[in-house]
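The values are calculated or read from the model by the stated rules, or taken from the named source; none is laboratory data. Remember, it's a predicted structure, so these values are computed and weren't measured experimentally. We place every Cβ from the backbone using ideal geometry, glycine too, and count neighbours over all the protein chains shown. To get the accessible areas, we keep the full protein, side chains included, count just its heavy atoms, and leave off ligands, DNA and RNA. Shrake-Rupley method; radii C 1.70, N 1.55, O 1.52, S 1.80 Å.
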Amino acid sequence: MAKIVRTKNNQQQEIVKLLNAMTGKFSLWQIWQDFITLMAISLANRFPGPYWQKREDEYLNTIKKYSAAEQQTFSNMLALLVDGLDRNPDQDFLGELFMALELGSNWTGQFFTPYHVCQMMARVAGLEQVKNDCAERGWACVNDPACGAGATLIAFANECRAAGINYQKKVLFTGQDLDRLAGRMCYIQLSLLGCPGYVVIADTLAHPARSYDKKALLPVAGQDVWYTPMYYSDTWSGRQLAAKLDLLISAPVKEPASVGLLFF
């Protein structure tokens, strides 16, 4: 039976139709999870790294379950997501769709904060600090230790844009979440919106994200880190190189620093 949902825009509605058409062999939940897995790895594996082969293997094990036509459907769904965020970047596209499909109730009772609440939080928390940091050193860092699908970080990016701050060059976005699916949704949306940074998938309380440097540019190796494409841009690559040089010439770091200078 097709899932009937109410969504905000045409792109979300079209994705729902495509998801419904694929159900049968797999549940809606499994298809959504595979969709997110394939998109996240497709974005992440454009760049080399210590996780490349492991993620490539996961991608191949996931995609082989589907026919050529179904694989094309996944591509069409990604195109709709890109179009939806391009038309309106000020939204939690995946998080809202996830909740509209009632998938949260099927997975530990998960509930994402509504986007309008995240907008309010972004407007009252930290924008002045970001402006001060940008004036002092040229850029700022923000962190959400329970990022979910990324709504608060997305809202903050849009608040920066509205305030005339070029977040692609001036703000490093870092997030963390215990849930792999949520963290990957956050990663996908930050990547497509051009937010430089990364998402760490781990328990924030037991294993908080750490960085070798105090500015959160160099996350500690061994964490399940998902770097956005913009993190590899010339601007941010230069800052990472400078941070590495600082570490080489400074006293050895006894303990890595907590990620993020501004917490939501």
**Prompt:** Applying the selection to segment 186-240, what residues are more than 20 Å from Pro48 (Cα to Cα) and acidic (Asp, Glu)?
**Reply:** Asp203, Asp213
**Request:** Considering only residues that are of a type in the set (Gly, Ala, Ser) and farther than 25 Å from Lys169 by Cβ, look in segment 201-230 and name the one that is modelled with the highest pLDDT.
**Result:** Ala202
**Prompt:** Has segment 132-141 got any residue that is farther than 28 Å from Phe35 by Cα, part of a loop (DSSP other than H, G, I, E, B) and at pLDDT 95 or above?
**Reply:** yes
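Which is over 21 Å from Asp34 (Cα atoms), open to solvent by 40 Å² or more (accessible area, probe 1.4 Å) and among the hydrophobic types (A, V, I, L, M, F, W, C), of Ala216, Ala209, Ala163?
It is Ala163.
Name the residue that is farthest from the chain's Cα centre (by Cα), counting only residues in segment 145-199 that are of a type in the set (Val, Ile, Thr) and closer than 21 Å to Ser237 by Cα.
That would be Ile165.
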**Message:** Go through segment 185-223 and report how many residues are touching an Asp or Glu at 6+ places or on another chain (Cβ under 8 Å) and assigned to a helix (DSSP H, G or I).
**Reply:** 2
**Request:** Would you check which residues across segment 17-57 are among the acidic types (Asp, Glu) and surrounded by 15 or more Cβ atoms within 10 Å (Cβ to Cβ) and list them?
**Result:** Asp34
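Which one is modelled with the highest pLDDT, of the residues in segment 91-113 that are open to solvent by 50 Å² or more (accessible area, probe 1.4 Å) and not aliphatic (A, V, I, L, M)?
Glu102
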**Asked** If you check Gly138 against the conditions, is it open to solvent by less than 30 Å² (accessible area, probe 1.4 Å), under 23 Å from Val200 (Cβ atoms) and not hydrophobic (A, V, I, L, M, F, W, C)?
**Response** no
**Message:** With the requirement that a residue be assigned to a strand (DSSP E or B) and either farther than 19 Å from Val200 by Cα or among the aliphatic types (A, V, I, L, M) (or both), what does segment 142-168 give you?
**Reply:** Val142
**Request:** Check whether at least one residue in segment 95-116 is under 20 Å from Ile188 (Cα atoms), within 18 Å of the chain's Cα centre (by Cα) and among the small types (Gly, Ala, Ser), and report yes or no.
**Result:** yes
